[in-house]
Amino acid sequence: MPGFEIINHKEKKAVNKIFENGGVLFAHGFEKSRKNFHVREFEKTFGKKLKSKYNLAVSSGTAAIKIALKALGVKSGDEVITQAFNFIATIEAILDVGAIPRIVNIDKSLNMNPEEIKSVINKKTKVILPVHMLGVSAEIKEIIKISKKYKIKVLEDNCEAIGGKYSGKYLGTLADIGVFSFDFGKTITTGEGGMIVTKNKKLDKYSREYHDHGHENNPKFPRGKDTKTIYGFNYRMTEMQAAVGKVQLSKLKYILNCNKSRFLSLKKNIAGIFEIRKEPNKSISSYDTFIFFEEDNKIRSKIINLLKKEGYGTKNLPDAIEWHCSAFWDHALSSKEIKKSIKTKEILKNAIAVPIWLKRTPKEYENLGKKIKKFK
Ligand SMILES: *Cc1c(COP(=O)(O)O)cnc(C)c1O
């Protein structure tokens, strides 16, 4: 959240303009009937903003993870390490390339616990897939260090912390390859959509071809005669999504500033009274969600009821925990991985996640903090 909250005439105008300028909704060709290549422009501006070299727009964040795993060479029987607090999409992408998901737990930062990674690595391990959950950076440098020691790759899932940073670099751009989502709940939205970023030309080339039926988009040939060396699939983004994406991207800085002021206004009254989610040193959050812990069931229920009554709701914790904790995914994971995930479920049990809404003012968040404080 909350890109969808501030969709207005600007996105509408951008989409209308496509129809005024020829109505080409496809990312390739039709040069004579169009004025823009929105998907290509969205990729370019995204790369400029996040200082990432190669950028590929795709149809969703889930597709982005799958394509990135394929580009990294993950095959049937390989293992991919990911975390127990997560979104089901990472597991689905791992399974869809025929690989085996291996779970590590989170710590109180609610991100991957680097200390648990080594015990899961074996000869079959190909990739570590950490997720920057709900706005906060993982210990990504530490994870990359471990991966180098064992000569495995890192795929950063940054669907939930766009604009966040670690050591001055944008999250999603630090590892071998990174992915973003622009679904309707994300910080910026194109309805559905995703992006794959990398510094590695080969990874970009594979991803680009795979997401477009193997097309190399060889400038020497028309599309119908285009060259190909691999088969692919269709995970393309449309021009309408990209036109909206460009406008949303221009609002990112504003969204991040708004998130921060609301987050800090809430924190003001809660800090020192409740335990607040930890953030790694050297990291900057995207302030997407404010998370704190309360072990007492009665106090926790009172706070959650207040959040619901006042119209804030809770984000993922606790209301959608079944979609975000691998202890619940017995339809997709082995019983060994389910059992392993229980430690994470225990940490998440006491967590309360307050969504940061743009339509609520910092003052409202400050008052909310005052009310929450009274329960303690
Ligand atoms: C949203 C999300 C995805 C999937 O993105 P879609 O665009 O909805 O397919 C993947 N990983 C995480 C952590 C997410 O939050």
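The values are calculated or read from the model by the stated rules, or taken from the named source; none is laboratory data. As the structure is a prediction and not an experimental result, all values here were calculated from the model. Here Cβ is always computed from backbone atoms with ideal geometry, including for glycine, and neighbour counts include all displayed protein chains. All accessible areas refer to the heavy atoms of the entire protein, side chains included, with ligands and DNA or RNA removed. Shrake-Rupley method; radii C 1.70, N 1.55, O 1.52, S 1.80 Å.
Going down the table (12/51; 118/201; 225/246; 141/315; 66/202), which pairs top 20 Å between alpha carbons?
12/51; 118/201; 225/246; 141/315
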Cα convex hull of region 71-163, projected area averaged across orientations, nm²: 5.5
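Give, in nm to one decimal, the length gained when the segment between residue 374 and residue 76 is fully stretched (0.36 nm per residue of separation minus the Cα-Cα distance). Mind dumping the intermediate values first?
Numbers: separation 298, 0.36 × 298 = 107.28 nm, distance 5.39 nm.
So the extension gain works out to 101.9 nm.
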At a 1.4 Å probe radius, which order do 13, 70 fall into by accessible area, largest first? 13, 70
Quick one: angle between helix 297-309 and the longest Cα principal axis of the chain, in degrees between 0 and 90, rounded to 10, please. 60
Sum -39500 (n - 2.57) across every DSSP H segment of at least 4 residues in the chain, then divide by the residue count to get the 222 nm mean residue ellipticity, nearest 500. -11000 deg cm²/dmol
Could you pull the accessible area for residue 324 with a 1.4 Å probe, rounded to 10 Å²? 20
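Defining a contact as two alpha carbons under 8 Å apart and six or more residues distant in sequence, what relative contact order in percent does the chain show?
21
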Peptides ranked, highest mean first, by Cβ atoms within 10 Å: ranges 258-264, 48-54: 258-264, 48-54
For the chain, what is the accessible area per residue in Å² when the probe is 1.4 Å? 46
Please state, rounded to one decimal and in Å, the Kirkwood hydrodynamic radius that the chain gives when every pair of distinct Cα atoms enters the mean of 1/r. 21.4
Quick query: amide H of residue 177 versus all other amide H atoms, modeled in the peptide plane; which residues come in under 5 Å with a sequence gap of 5 or more or a different chain? 154, 156
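So what's the projected area for region 303-369, the Cα convex hull averaged over all directions, in nm²?
Taking a quarter of the hull surface, the average projection is 5.3 nm².
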How high is the relative contact order of region 109-195, in percent, counting Cα pairs under 8 Å that sit 6 or more residues apart? 23
Taking the inverse of the average 1/r across all pairs of different Cα atoms in region 206-323, what Kirkwood radius in Å do you get? 19.0
From the C-alpha coordinates alone, can you work out the Kirkwood hydrodynamic radius of region 168-221, in Å? 12.8
Report the Cα centroid-to-centroid distance between region 226-246 and region 314-334 in angstrom, as an integer. 31
The helix 252-270 Cα axis meets the longest alpha-carbon principal axis of the chain at an angle in degrees, between 0 and 90 and rounded to 10, of 10
Gaussian network model of the chain, springs between alpha carbon atoms under 10 Å - residue of 47, 191, 272 with greatest fluctuation: 272
Out of every Cα pair in region 77-129, what percent are spaced more than 14 Å from each other? 46
Count the DSSP beta bridges whose two residues both fall in the chain, then state the antiparallel fraction as a percent rounded to the nearest 5. 60
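Over region 264-376, what relative contact order in percent results from Cα pairs under 8 Å that are six or more residues apart?
43
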For residue 5 and residue 361 in one chain, what is 0.36 nm times their gap in residues minus the Cα-Cα distance, to one decimal in nm? 126.8 nm
For region 137-196, what is one quarter of the convex hull surface built on the Cα atoms, given in nm²? 3.9
More than 19 Å apart: what percent of Cα pairs in region 1-131 qualify? 65
Evaluated at 10 °C with a viscosity of 1.306 mPa s, what Stokes-Einstein diffusion coefficient in µm²/s does region 171-264 have when Rh comes from the Kirkwood expression over alpha-carbon pairs? 103
